[in-house]
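Below you'll find the structure, written out as structure tokens, and then a few comments.
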Amino acid sequence: MAARTGKGTLGIIAILLVGSGLLRIGEGAGFVFAQEAEEPVMTAGTAVCDPDGMLEDVLAALEAREEAVRAREIAVQNRIVALDLANDQIDRKLAELEAAEASLAETLAVARTAAQDDLTSLTGVYEAMKPKDAALLFAEMPPEFAAGFLGRMRAETAAEIMAGLPAANAYSISVVMAGRNALVPTE
């Protein structure tokens, strides 16, 4: 039996040694677990936030950004007001120019009508004259000017006046009258 007791004693000692080792490992693991609970765990891509310093910095940056946005909004509103004023001035000036243009067009129409009325009246005077007296006046006029009046007269009256003109004058006036519309496009 003594042999058996030796083997049993050795087994018990081995078990006690293994138990002691396990206890020591367990004690070390508990210490490590306790340290991990006290210190924050740092992993890649995470940062520890200092609530006092960083929060104030973030708030200050947001306030500065908000103030810059307000300043931009005010500048944009001022530009819109300035553009509206400029558009109003442009519209007023455009209306003034359109009114001036209409007035000028009326004046030109009156001038054209008056000039046409004057030519018609003077043509009537030349037609009412005796053909010999009118021929004396037409002989003194430049051919272009005389051709304008003769072209507006009735053909019979113009023929009587042309018959009283010297041949050279009658020829020059005839050339002007014949060539007056020669360069007008036909197509």
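The values are calculated or read from the model by the stated rules, or taken from the named source; none is laboratory data. Nothing here was measured: the structure is a model prediction, and the numbers come from that model. Virtual Cβ from ideal backbone geometry, glycine too; neighbours counted across all protein chains shown. To get the accessible areas, we keep the full protein, side chains included, count just its heavy atoms, and leave off ligands, DNA and RNA. Shrake-Rupley method; radii C 1.70, N 1.55, O 1.52, S 1.80 Å.
Quick notes
- Taking the listed residues LEU165, LEU150, the one that is touching a residue at least 24 places away in the same chain (Cβ under 8 Å), surrounded by 12 or more Cβ atoms within 10 Å (Cβ to Cβ) and assigned to a loop (DSSP other than H, G, I, E, B) is LEU165, with no other qualifying.
- Residue list for region 137-147, restricted to those being of a type in the set (A, V, I, L, M, F, W, C), more than 16 Å from GLY124 (Cα to Cα) and touching a residue at least 24 places away in the same chain (Cβ under 8 Å): ALA139
- Listed conditions (1) at pLDDT 85 or above; (2) more than 30 Å from ALA147 (Cβ to Cβ); (3) polar (S, T, N, Q) are all met by SER121, apart from (2).
- Complete set of residues in region 153-162 that are open to solvent by 50 Å² or more (accessible area, probe 1.4 Å) and either on the phi > 0 side of the Ramachandran plot or small (Gly, Ala, Ser) (or both): ALA155, ALA159
- Restricting region 126-147 to residues that are open to solvent by 50 Å² or more (accessible area, probe 1.4 Å) and part of a helix (DSSP H, G or I), the residue that is farthest from VAL176 (Cα to Cα): ALA128
- Which numbered condition THR123 misses (of (1) β-branched (Val, Ile, Thr); (2) surrounded by 11 or more Cβ atoms within 10 Å (Cβ to Cβ); (3) outside any helix (DSSP H, G or I)): (3)
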